[in-house]
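Trainee: What follows is a structure written as structure tokens; I'll ask about it next.
The values are calculated or read from the model by the stated rules, or taken from the named source; none is laboratory data. All values reported here derive from a predicted model rather than from experimental measurement. For neighbour counting, all protein chains shown are included, and Cβ atoms are generated from backbone atoms with ideal geometry for every residue, glycine included. These area figures cover heavy atoms from the full protein model, side chains too; ligands, DNA and RNA do not enter into them. Shrake-Rupley method; radii C 1.70, N 1.55, O 1.52, S 1.80 Å.
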Amino acid sequence: MRARVAVVGAGIAGLACAHHLARAGAHVTLIESSDQLGGLGTFFDYRGAALERFYHCMLPSDRHLLALLGDVGLEDQAYWKETSFGFMHAGRLYPLNTALDLLRFGPLSVTDRLRVGATGLWGSLRSSRGLDDVTCEAWLTALSGRHAFETFWKPMLQAKFGDRYRQVPALWFWTRFNREKGGRKETKGYLHGGYRRIAQALADGVAARGGQVRMRTRVARIDLAADGRPTVQAGDAAPEAFDQLVFTGPITALEPLTAGSRLAQAGRLPDAQIDMQGVVNAVVMLRRGLTPHYWVASIDPEVPFQGIVESTTLIDRAETGGVHLVYLMNYLHRTDPRFARPDDDTLDAYLAGLRRMFPSLGQDDILDARVFRSPFVEPLYSVGYQRRTPPIALVPGRVYLATTAQVYPEVTSWNGSAGLARRVVDQMLAER
Ligand SMILES: Cc1cc2nc3c(=O)[nH]c(=O)nc-3n(C[C@H](O)[C@H](O)[C@H](O)COP(=O)(O)OP(=O)(O)OC[C@H]3O[C@@H](n4cnc5c(N)ncnc54)[C@H](O)[C@@H]3O)c2cc1C
């Protein structure tokens, strides 16, 4: 008989797990609380165009994601462009893509520029050994010096972790640096029709293999039945038993879902207290582009976001209804008062910040803007995180985890989640 498997969450991790399980012959029930597939990769409608709430792109090295695209026949829909990075300092925009750009980077002294260059080179040559046990701040300061850390590296860490950057291990930085730059020309990719096509193709494949996709169904409880099989309860429905279950929502949601359960009593839950960073992100639709760069890092105490992604430097504007798209992001913890600020106030502050950075930006240039927030984006890593990474199997043969918290030291991304999903499903099949 076909194994009945529940997959909780239809972000890319859940979709990829469901895809592999269905292809291996399981009867899959994919359960998603929201009304959209894709988790953080969901979208909103803007004048008939489907725009992403949070920007996404892929890299040529994203082999797990590219393999998934191959599985669902979308590999020829990916397109690639050379992209670039800029750094805004004291109102001036510096391109930072080549050794020459670094040598011309005025905010640093010549000695600091050389030290930053040597840090990058050393980072691309050395192995990752030991880097999980030292913070980025300590490692980069030792290599580049305090002034270069404060002026150059810190803004980039803040652009990703906000004020929680201090504990982040050097291993996180090393992996990211080598994924994105690693001495090669920066190239990024996108998919005709957007990331929602990937999500839809994966879900369609599951349904075509006899699986079920249940949308708008929030799982309220995960437990074990008396016979050891995992159960899932949603709303007022009775618990439903499966042969296996994989949970793919944020790790912080697991404890409330399982409080007092047999699973928790059996001491099967990961004991690591992992917290997650969130994001408050504005999408601005513009009449004109701002810079030639995909990403511009900027730390200015007067500007309420730490970076700008101008996604239409990559994405074809035929996909965006012709508008230029700029994402302004501020990574914040969900308890920060700015996280709960009303959208209108957030937008006013963000747009004022954008005009401060680009004084020539007129009111007419701004066509529209929206705010999106997510409380759970990425774990707040701290030294030794690799040893505390939650296990794949909570109950071998029965209950599994495929969450963003397990992707480290790979970068949290669709590729990272796709790779994790492959490992999780391989283990589920082996332990069945
Ligand atoms: C601003 C921003 C920019 C990013 N840029 C990129 C990028 O350029 N490239 C890239 O590859 N990645 C990028 N990422 C990261 C990427 O979006 C994530 O790594 C990835 O989407 C995580 O997928 P996931 O399936 O693990 O989790 P999620 O996407 O969070 O999916 C979890 C799903 O589980 C569902 N769920 C949770 N609890 C329950 C429940 N109780 N019952 C039912 N369903 C539940 C949720 O509704 C959600 O759909 C970005 C993220 C952000 C926020």
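Trainee: Return yes or no: is R218 over 30 Å from G162 (Cβ atoms) and either within 16 Å of the ligand (Cβ to nearest atom) or surrounded by fewer than 21 Cβ atoms within 10 Å (Cβ to Cβ) (or both)?
Mentor: Taking the combined requirement at face value, the residue does not satisfy it.
Trainee: Separate question: Hey, can you tell me all the residues within segment 262-317 that are acidic (D, E) and either within 21 Å of L51 (Cβ to Cβ) or more than 17 Å from the chain's Cα centre (by Cα) (or both)?
Mentor: Within segment 262-317, D271, D300, E302, E310, D316 meet the criteria.
Trainee: If you don't mind, there's one more thing I want to ask. Tell me whether segment 281-301 contains one or more residues that are surrounded by fewer than 18 Cβ atoms within 10 Å (Cβ to Cβ) and modelled with pLDDT under 95.
Mentor: yes
Residue by residue, here is whether (1) at pLDDT 95 or above; (2) open to solvent by 50 Å² or more (accessible area, probe 1.4 Å); (3) in contact with an Asp or Glu (Cβ under 9 Å, 6 or more places away or on another chain) holds:
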{"position": "L51", "(1), (2), (3)": "yes, no, yes"}
{"position": "L69", "(1), (2), (3)": "yes, no, yes"}
{"position": "D76", "(1), (2), (3)": "yes, yes, no"}
{"position": "K81", "(1), (2), (3)": "yes, yes, no"}
{"position": "G91", "(1), (2), (3)": "no, yes, yes"}
{"position": "L96", "(1), (2), (3)": "no, no, no"}
{"position": "R129", "(1), (2), (3)": "no, yes, no"}
{"position": "E137", "(1), (2), (3)": "yes, no, no"}
{"position": "L157", "(1), (2), (3)": "no, no, yes"}
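Trainee: Here is a check on your reading of the model: is Q200 of a type outside the set (D, E, K, R) and away from the ligand (no atom under 12 Å from the Cβ)?
Mentor: Yes.
Trainee: Find the residue count for segment 331-346, including only residues that are in contact with a strand residue (DSSP E or B) (Cβ under 7 Å, 6 or more places away or on another chain) and open to solvent by less than 90 Å² (accessible area, probe 1.4 Å). Let's see the steps before the verdict.
Mentor: Restricting attention to segment 331-346, the residues satisfying the condition of being in contact with a strand residue (DSSP E or B) (Cβ under 7 Å, 6 or more places away or on another chain) are 331-334, 338-339, 343, 346.
With open to solvent by less than 90 Å² (accessible area, probe 1.4 Å) added as a condition, the list becomes 331-334, 339, 343, 346.
So the answer is 7.
Trainee: To continue, here is another question. Say we look at segment 380-404 and pick out the residues that are under 26 Å from T335 (Cβ atoms) and near the ligand (Cβ under 9 Å from one of its atoms); which of these is least open to solvent (accessible area, probe 1.4 Å)?
Mentor: Only one residue tops the list, namely T403.
Trainee: Mind checking which strands (runs of 3 or more DSSP E) fall wholly inside segment 1-66 and carry at least 2 residues that are within 20 Å of R197 (Cβ to Cβ) and either within 8 Å of the ligand (Cβ to nearest atom) or under 23 Å from the mean Cα position of the chain (by Cα) (or both)?
Mentor: Output list reads 43-46, 49-52.
Trainee: Could you say which residue among A225, A238 is over 27 Å from the mean Cα position of the chain (by Cα), more than 14 Å from the ligand (Cβ to nearest atom), without any contact (Cβ under 8 Å) to a residue 12 or more places away in the chain and open to solvent by 10 Å² or more (accessible area, probe 1.4 Å)?
Mentor: Going through A225, A238 in turn, the sole match is A238.
Trainee: Still on this structure, I have one more. Against the condition part of a helix (DSSP H, G or I), of a type outside the set (D, E, K, R) and touching an Asp or Glu at 6+ places or on another chain (Cβ under 8 Å), how does T151 come out, does it pass? Show your work before the answer.
Mentor: On the way: part of a helix (DSSP H, G or I): yes; of a type outside the set (D, E, K, R): yes; touching an Asp or Glu at 6+ places or on another chain (Cβ under 8 Å): yes.
Here the answer is yes, as T151 does meet what is asked.
Trainee: What is the residue count in segment 408-426 for residues that are within 7 Å of the ligand (Cβ to nearest atom) and free of Cβ contacts under 8 Å to residues at least 40 places away in the same chain? Full working, then the answer.
Mentor: We begin by selecting, within segment 408-426, every residue within 7 Å of the ligand (Cβ to nearest atom); these are 412-417.
Now restrict to residues that are free of Cβ contacts under 8 Å to residues at least 40 places away in the same chain: 412.
Number satisfying all stated conditions: 1.
Trainee: What pairs come up if the first residue lies in segment 366-377 and is over 27 Å from P250 (Cβ atoms) and among the β-branched types (V, I, T), the second is more than 9 Å from the ligand (Cβ to nearest atom) and open to solvent by 50 Å² or more (accessible area, probe 1.4 Å), and their beta carbons are under 9 Å apart, counting only those six or more places apart or on different chains?
Mentor: Listed by first residue and then by second, the contacts come to I366/R287; I366/R355.
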